[in-house]
1. State whether the residues of the range 126-133 include one that is out of contact with any Lys or Arg (no Cβ under 9 Å at 6 or more places or on another chain), in contact (Cβ under 8 Å) with a residue 24 or more places away in the chain and open to solvent by less than 50 Å² (accessible area, probe 1.4 Å).
2. Find the residue count for the range 164-194, including only residues that are small (Gly, Ala, Ser) and at pLDDT 95 or above.
3. Exactly one condition in (1) free of Cβ contacts under 8 Å to residues at least 24 places away in the same chain; (2) touching a strand residue (DSSP E or B) at 6+ places or on another chain (Cβ under 9 Å); (3) open to solvent by less than 80 Å² (accessible area, probe 1.4 Å) is not met by residue 63; state its number.
4. May I ask you to list the residues in the range 117-131 that are hydrophobic (A, V, I, L, M, F, W, C) and modelled with pLDDT of 90 or more?
5. Does any residue in the range 172-187 that is closer than 16 Å to residue 200 by Cβ and open to solvent by less than 20 Å² (accessible area, probe 1.4 Å) come within less than 6 Å, Cβ to Cβ, of a residue that is modelled with pLDDT of 90 or more and part of a helix (DSSP H, G or I) six or more places away or on a different chain, and which pairs are these?
6. In the range 40-53, what residues are in contact (Cβ under 8 Å) with a residue 12 or more places away in the chain, under 24 Å from residue 183 (Cβ atoms), assigned to a loop (DSSP other than H, G, I, E, B) and open to solvent by 40 Å² or more (accessible area, probe 1.4 Å)?
7. Of the residues 37, 56, which single one is of a type outside the set (Val, Ile, Thr), open to solvent by 60 Å² or more (accessible area, probe 1.4 Å) and outside any helix (DSSP H, G or I)?
8. Which of the residues belonging to the range 4-16 are assigned to a strand (DSSP E or B) and surrounded by fewer than 16 Cβ atoms within 10 Å (Cβ to Cβ)?
Amino acid sequence: MIQCHQVNFSYENLSVLERASFRIERGEFAFIVGESGAGKTTLLKLLYRELVPVTGHLNVLGQALSELTPATLPNFRQKIGIVFQDCKLLNTKTVEKNLELPQKIIGAHPAVARENVSKLLYQMGLTHRRDAHPTHISENEKHRLAIARALINKPLLLLADQPTDTLDPKLALEMLALFDALNTQVHLTVLIATADPELPQKYARYRNSTPKRIIHLKDGHIY
């Protein structure tokens, strides 16, 4: 699913990743744990080809990212759902319209798009908020909308950048349970970046289960 081998990345003279290597299998649920500024967001951006490594090899969903072209990049990204740290919702559009947009981008038939939107609004408990704007819904609802938007085009891989960091502890664990259910029910591969080193263990205790796999990122190195 994801193969990262000896990847180096820097912003001008600032090295962010150094010889980073790891592997994520299809259907896996894993955490990337690192303090603020460790390079978590950069790593996720590399995985969906917003950034390009200086050196090294990245293969995601069976695709060598170095071989992607402007023509093939959109199709590749349609297979990846992304939950941004700040949600990146469109405040001028309703909850429903925020969710419709990704369907329009891929050219889904309007009737199919409406059905998909309604289904996800129901699954995320947002049906009663469909006509509200993001500025008028709760923080938890914003995050659920961001997740719904990431899922609307039925991706194979979900990347989430610190999706629980602004939530209170109880809501954060409930959010992780939602990711866990998606991983189990539809075999969605899930990779979550977090600055909280205790989050995987907190969630394991919450579910009384074995902790998920943790990939540690520190000073540009993965271990």
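The values are calculated or read from the model by the stated rules, or taken from the named source; none is laboratory data. Keep in mind the model is a prediction, meaning the values are calculated, not measured. Cβ coordinates were reconstructed from backbone atoms using ideal geometry, including for glycine residues, and neighbour counts include every protein chain displayed. When the accessible area is computed, the model is the full protein with side chains, heavy atoms only, and any ligands, DNA or RNA have been set aside. Shrake-Rupley method; radii C 1.70, N 1.55, O 1.52, S 1.80 Å.
1. yes
2. 1
3. (2)
4. 117, 120, 121, 126
5. Listed by first residue and then by second, the contacts come to 176/203.
6. 49 - this is the single residue of the range 40-53 that is in contact (Cβ under 8 Å) with a residue 12 or more places away in the chain, under 24 Å from residue 183 (Cβ atoms), assigned to a loop (DSSP other than H, G, I, E, B) and open to solvent by 40 Å² or more (accessible area, probe 1.4 Å).
7. Going through 37, 56 in turn, just one is of a type outside the set (Val, Ile, Thr), open to solvent by 60 Å² or more (accessible area, probe 1.4 Å) and outside any helix (DSSP H, G or I): 37.
8. Filtering the range 4-16 down to residues assigned to a strand (DSSP E or B) leaves 4-11, 14-16.
5, 6, 8, 10, 11, 14, 15, listed by residue number.
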